[in-house]
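**Q** Would you mind keeping the following structure in view while I ask a few things?
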Amino acid sequence: MDKIPYVSIDNISKTFGKVIANNNMNLTVHGGEIHALLGENGAGKSTLMNMLSGIYTPDSGSIFIHGRNMNFTCPKDAINAGVGMIYQHFKLVEEMTARQNILLGQNRGLFFNNKLEIKKINGICEKFHLELDINKYVSDMAVGERQNLEILKVLYRGADILVLDEPTTVFTKSETDKLFKIMMKMKEKGCAIIFISHKMSEVMDICDKITVLRKGEAVKTVEKENTTPKQLTELMMGRKANLAIHRIEKDPGDVMLEIKDLKVLNAEKAEIIKNISFTLRRGEILGVAGIAGSGQRELCEAIAGIQSVTSGEMVFEGENLVGKSPRDIINKGISMSFIPEDRLGMGLVASMGMVDNLLLKDYHKQKGMFIDRKPVVIKAKNMVEKFEIKTPDIYHPIKYLSGGNIQKILVGRELSMNPKILIMAYAVRGLDINTCYTIYDLISEEKKKGTAILFIGEDLDVLIQLCDKIMVLCDGQSTGIVSAKDASREKIGMMMLGNATQREEI
């Protein structure tokens, strides 16, 4: 490991209005090191990295790169110094190929040699084991391929310091494993990697050092071998961790939604939902488990009216919802809190603040020619307090907030609709541990009120502790519905792989 750090951040501070994002923050990262940044949503992780990458200018403090004091005024300055930022929301042109995205913005002077540059790109792919077809259009790429392209872009521009901001938020297990192999190869080649994640297991798997941030300050840096997930959680929260899901015991009521032999085709006309049937009752949480891509997304979108149904019925209060528009379905009391691969790609408008994003769901209920914003302003202020959303004000464009705070706004908006049926897919994706358990408590409160809840999750332990029943999907089919009280990780895991012998209809 080099004696001179690749990155040394000394007493950096940054404020936005009354919000202190970073307060005398310090961070040191060496070459050949994977260094994690941990902290609750709004702890200052993204702001710190935005200063390192030249997007923000510090109010005070210094940034040293390879021992040199740097004054970044724009992202290009940081790129020229060897800092590459991989964002949560990809910065790619979908109508271009991977090669065109990589070369975009490069100085193509008189002596630019396209063949030589392609050879350089292919050499980087080989060196770091990046699997990518550089002639493929971004619009045709899976999320893992887009991540690889973002990494390739910054490596091509000479970066030896890489910042990965929650890169695995929407990854499958196999995509995460591939990314970690690439990160280990970059570490082996001497790169310094800063890894921001809320997934404690990943931090413990891949990182060498961990710096914990809390309320804009770096509270401690530890070696991975000298700490535990529990200790890190308590450092993030600033208090003893009491992480438990309190299941509310409640007898389910009448059937609210009945799905009968539902079939859905994807864009390639292949069956993605294959004759699924189940019922959802009042005051019941039905969990849905399955390997990523087993039909969870399409099931949510079909019930919400976004995805066309090929055949089957979706009966709500005696009426078939098939063919109804999303607005019709919302008006009937079915609220969908679906957290997509791109948080800003569905349901929220990046350039708007909280108030206008809440109005997207509220304006059609108001009578008269003019919209009354006062009730929505009150709702936004209550959400900021209830969910501890870190924002300069409720009118601040949400694209400038951290990914976790954007997600809190999306989840909070759906919960505020007082729905009869609540569809929650990956509702805690990208949220810190404390906020995750806040959301679980809110879901239990919805159950207590009699709301019927369809909860699609990735953590099997959470599904078992939170839900009443769990339906398992495999390749678009249901391999059974089991009582959560009788379920185990092993049993659900076998069903996720298509083992229908574990089937136990309730």
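The values are calculated or read from the model by the stated rules, or taken from the named source; none is laboratory data. All of these numbers come straight from a predicted model, not from anything done at the bench. Here the Cβ positions follow ideal geometry from the backbone for every residue, glycine too, while neighbour counts run over all protein chains shown. The area values use the complete protein model at the heavy-atom level, side chains included, leaving out ligands, DNA and RNA. Shrake-Rupley method; radii C 1.70, N 1.55, O 1.52, S 1.80 Å.
**Q** Per residue and in cubic angstrom, what volume does the convex hull of the Cα atoms of segment 13-74 have? Intermediate results must be reported in sequence, preceding the final value.
**A** Numbers: hull volume 5.7 nm³, N = 62.
So the per-residue hull volume is 92 Å³.
**Q** On a 0 to 90 degree scale, rounded to 10, what angle separates helix 143-156 from the longest Cα axis of the chain?
**A** Approximately 10 degrees, to the nearest ten.
**Q** Looking at segment 177-226 from every direction and averaging, what is the projected area of its Cα convex hull in nm²? Display every interim value, and only then the final one.
**A** Values: hull surface 15.9 nm².
It is 4.0 nm².
**Q** Determine the percent antiparallel among the DSSP beta bridges restricted to the chain, to the nearest 5.
**A** Details: 42 of 80 bridges.
Just about 50 percent of them are antiparallel.
**Q** Can you run phi through the Karplus equation (6.51, -1.76, 1.60; θ = phi - 60°) for segment 222-231 and list ³J(HN,Hα) in whole Hz, with x for Gly and Pro?
**A** In residue order, the calculated couplings are 10, 6, 4, 5, 9, 9, 9, x, 5, 5 Hz.
**Q** How would segment 372-451 be classified by its alpha-carbon gyration tensor: rounded, prolate or oblate, with rounded meaning a/c under 1.5 and the a/b versus b/c comparison settling the rest?
**A** oblate
**Q** I've got another one for you. For Leu321, enumerate residues with amide H under 5 Å from its amide H, sequence gap 5+ or separate chain, H modeled in the peptide plane.
**A** Met314, Val315, Phe316
**Q** Determine the sum of side-chain charges near Ala452: Lys and Arg each +1, Asp and Glu each -1, restricted to other residues whose C-beta is under 13 angstrom from that of Ala452.
**A** Numbers: positive: Lys250, Arg281, Arg282, Lys332, Lys420, Lys447, Lys448, Lys449, Lys469; negative: Asp254, Glu258, Glu284, Glu317, Glu446, Asp468.
That works out to +3.
**Q** Now for a different question. Using only protein heavy atoms and a 1.4 Å probe, report how much of Asp254 is accessible, in Å² to the nearest 10.
**A** Solvent-accessible area, nearest 10 Å²: 110 Å².
**Q** Note down the accessible area of Ser174, probe 1.4 Å, to the nearest 10 Å².
**A** Accessible area of Ser174: about 70 Å².
**Q** While we're on this one: What is the sum of charges around Lys178, taking Lys and Arg as +1, Asp and Glu as -1, for the other residues whose C-beta is under 12 Å from the C-beta of Lys178? Don't skip to the answer; put the middle values down first.
**A** Details: positive: Lys173, Lys181, Lys185; negative: Glu131, Glu145, Glu175, Asp177.
For residues surrounding Lys178, the net value is -1.
**Q** Follow-up question, since we're still on this one. Roughly speaking, what is the stretch gain from Asn122 to Val315, that is 0.36 nm per residue apart minus the C-alpha to C-alpha distance, in nm to one decimal?
**A** Length gained between Asn122 and Val315: 64.1 nm.
**Q** Scaled to the compact-protein estimate 2.2 N^0.38 Å, what is the alpha-carbon radius of gyration of segment 151-286, rounded to two decimal places? Display every interim value, and only then the final one.
**A** Values: Rg = 22.0 Å, N = 136, 2.2 N^0.38 = 14.2 Å.
Computed over Cα atoms of segment 151-286, the ratio equals 1.55.
**Q** Under a 1.4 angstrom probe, counting protein chains only, how are His396, His66 ranked by accessible area, largest first?
**A** Values: His396 50, His66 70 Å².
Greatest to least solvent exposure: His66, His396.
**Q** For the chain, what does -39500 (n - 2.57) per DSSP helix run (n ≥ 4), summed and divided by total residues, give at 222 nm, in deg cm²/dmol to the nearest 500? List each step's numbers first, then the result.
**A** Working: 16 runs with 162 residues, N = 506.
Calculated mean residue ellipticity at 222 nm is -9500 deg cm²/dmol.
**Q** What's the Cα-based Rg to Rh of the chain, Rh via Kirkwood? Mind dumping the intermediate values first?
**A** Values: Rg = 23.8 Å, Rh = 24.4 Å.
Result: Rg/Rh = 0.98.
**Q** Also, I was wondering about something else. Send over a whole-number figure in Å² for the accessible area per residue of the chain, probe 1.4 Å.
**A** On the way: 22880 Å² over 506 residues.
I get 45 Å² per residue for this part.
**Q** With all protein chains present, calculate the accessible area of Leu497 using a 1.4 Å probe and round the result to the nearest 10 Å².
**A** The value for Leu497 is about 130 Å².
**Q** To the nearest 0.05, what FRET efficiency results for Asp393 and Asn26 with a Förster distance of 51 Å applied to their C-beta separation?
**A** Values: r = 29 Å, r/R0 = 0.57.
Result of the calculation: an efficiency of 0.95.
**Q** So, one more: Could you run the Debye sum over the Cα atoms of segment 411-506, one equal point scatterer each and no solvent, and tell me log10 of I(q)/I(0) at q = 0.18, 0.24 Å⁻¹, two decimals?
**A** With one equal scatterer per Cα and no solvent, log10 I(q)/I(0) is -0.86, -1.26.
**Q** Sticking with this one: Report, ordered by chain and residue number, the lysines lying within cross-link reach of Lys374, taken as a straight Cα distance under 19 Å and ignoring same-chain residues fewer than 8 apart.
**A** By straight Cα distance, Lys374 reaches Lys361, Lys365, Lys386.
**Q** By how many nm would the segment from Glu258 to Asn275 grow when fully extended, if each residue of separation counts as 0.36 nm and the alpha-carbon distance is taken off? Present the calculation step by step, with values, prior to reporting the outcome.
**A** Working: separation 17, 0.36 × 17 = 6.12 nm, distance 1.29 nm.
Taking Glu258 through Asn275 to full extension adds about 4.8 nm, to one decimal.
**Q** Also, quick follow-up: For segment 170-275, what % of the accessible area comes from carbon and sulfur atoms, probe 1.4 Å?
**A** Working: 2560 of 5560 Å².
Using a 1.4 Å probe with all protein chains present, segment 170-275 comes out at 46 percent carbon and sulfur.
**Q** Net charge around Ile272, counting only other residues with Cβ within less than 14 Å of its Cβ (Lys, Arg = +1; Asp, Glu = -1)?
**A** Details: positive: Lys263, Lys269, Lys274, Arg297; negative: Glu268, Glu271, Glu298, Glu301, Asp475.
Net local charge, Ile272 excluded: -1.
**Q** While we're here: When the Cα centres of segment 440-468 and segment 193-238 are compared, how far apart do they sit, in Å?
**A** Segment 440-468 and segment 193-238 have Cα centres spaced 28 Å from each other.
**Q** Heavy atoms only, 1.4 Å probe, whole protein assembly: order Arg297, Arg99, Arg68 by accessible area, highest first. Each step should come with its number before you reach the end.
**A** Details: Arg297 90, Arg99 55, Arg68 155 Å².
Largest accessible area first, the list is Arg68, Arg297, Arg99.
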